[in-house]
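The values are calculated or read from the model by the stated rules, or taken from the named source; none is laboratory data. Just so it is clear, the model here is predicted, and its values are computed rather than measured. Quick reminder, even Gly has a Cβ in these numbers, built from the backbone with ideal geometry, and neighbours come from all protein chains shown. Just so you know, the surface numbers come from the protein's heavy atoms only, side chains and all, with ligands and any DNA or RNA stripped out. Shrake-Rupley method; radii C 1.70, N 1.55, O 1.52, S 1.80 Å.
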Amino acid sequence: MKRLEHWERLLAEAIDTARSKPFAWGLHDCPTFAFETRTALTGGEDVAALWRGKYTTHLGGIRVMRRLGWPSLEAMGHALLGVPRDTPLLAQRGDIVLTDTGLGFGVVIGATAVGLAPDGLRFAALTSCRLAWAV
């Protein structure tokens, strides 16, 4: 999927929007933020619609994920994004990563990735990312 011409501005806007909205399971959480950002950068399909608004707790999110056929966040990433990059260290700005820090999905912004947690935006070094998918 090709990025839109002005994707850098769209990435900055997505992060600013995420910073200004309160965390809400199923509406504004780690997978929703990452996949909505992907949609904004590419103009592609809104896959977050599969789970948006269908859970209100962490456990509810796990249940919805399993109902959709994904036993883990890793399986979700593979199903929705395909084959990951050879190493997360090759990730580019705007790519989606899965961290080992408990953050879940995030979006690469340089040598770090940004994601959402109940206490707001969190940052993780690419060295703490398990998988990365090109956007």
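The single condition among (1) open to solvent by less than 50 Å² (accessible area, probe 1.4 Å); (2) among the aliphatic types (A, V, I, L, M); (3) touching a residue at least 60 places away in the same chain (Cβ under 8 Å) that Met1 does not satisfy is (1).
Yes or no: the range 19-30 includes at least one residue that is modelled with pLDDT of 95 or more, in contact with a helix residue (DSSP H, G or I) (Cβ under 8 Å, 6 or more places away or on another chain) and open to solvent by 60 Å² or more (accessible area, probe 1.4 Å). Checked against the condition, which is being modelled with pLDDT of 95 or more, in contact with a helix residue (DSSP H, G or I) (Cβ under 8 Å, 6 or more places away or on another chain) and open to solvent by 60 Å² or more (accessible area, probe 1.4 Å), the range 19-30 yields at least one hit. Residues in the range 33-62 that are farther than 19 Å from Ala14 by Cα and either touching a residue at least 40 places away in the same chain (Cβ under 8 Å) or part of a helix (DSSP H, G or I) (or both): Leu50, His58, Leu59, Gly60, Gly61, Ile62. Which members of the range 35-67 meet the condition of being among the polar types (S, T, N, Q) and either more than 19 Å from Trp133 (Cβ to Cβ) or in contact with a Phe, Trp or Tyr (Cβ under 7 Å, 6 or more places away or on another chain) (or both)? Thr56, Thr57 - these are the residues of the range 35-67 that are among the polar types (S, T, N, Q) and either more than 19 Å from Trp133 (Cβ to Cβ) or in contact with a Phe, Trp or Tyr (Cβ under 7 Å, 6 or more places away or on another chain) (or both).
Of all positions in the range 94-112, none carries a residue that is without any contact (Cβ under 8 Å) to a residue 60 or more places away in the chain, of a type in the set (Gly, Ala, Ser), surrounded by 21 or more Cβ atoms within 10 Å (Cβ to Cβ) and not in a loop (DSSP other than H, G, I, E, B).
Would you point out the residue of the range 63-82, among those that are part of a loop (DSSP other than H, G, I, E, B) and without any contact (Cβ under 8 Å) to a residue 24 or more places away in the chain, that is most open to solvent (accessible area, probe 1.4 Å)?
Among residues in the range 63-82 that are part of a loop (DSSP other than H, G, I, E, B) and without any contact (Cβ under 8 Å) to a residue 24 or more places away in the chain, the one most open to solvent (accessible area, probe 1.4 Å) is Pro71.
Can you find, within the range 65-113, the residue that is nearest to the chain's Cα centre (by Cα) among those that are hydroxyl-bearing (Ser, Thr, Tyr) and within 18 Å of Arg38 (Cα to Cα)? Applying the filter and picking the extreme gives Thr99.
In this structure, does Val97 turn out to be touching a Pro at 6+ places or on another chain (Cβ under 8 Å) and β-branched (Val, Ile, Thr)? Yes, satisfied. Only residues that are out of contact with any Cys (no Cβ under 8 Å at 6 or more places or on another chain) and either of a type outside the set (Gly, Ala, Ser) or open to solvent by 30 Å² or more (accessible area, probe 1.4 Å) (or both) were counted in the range 113-127, giving 9.
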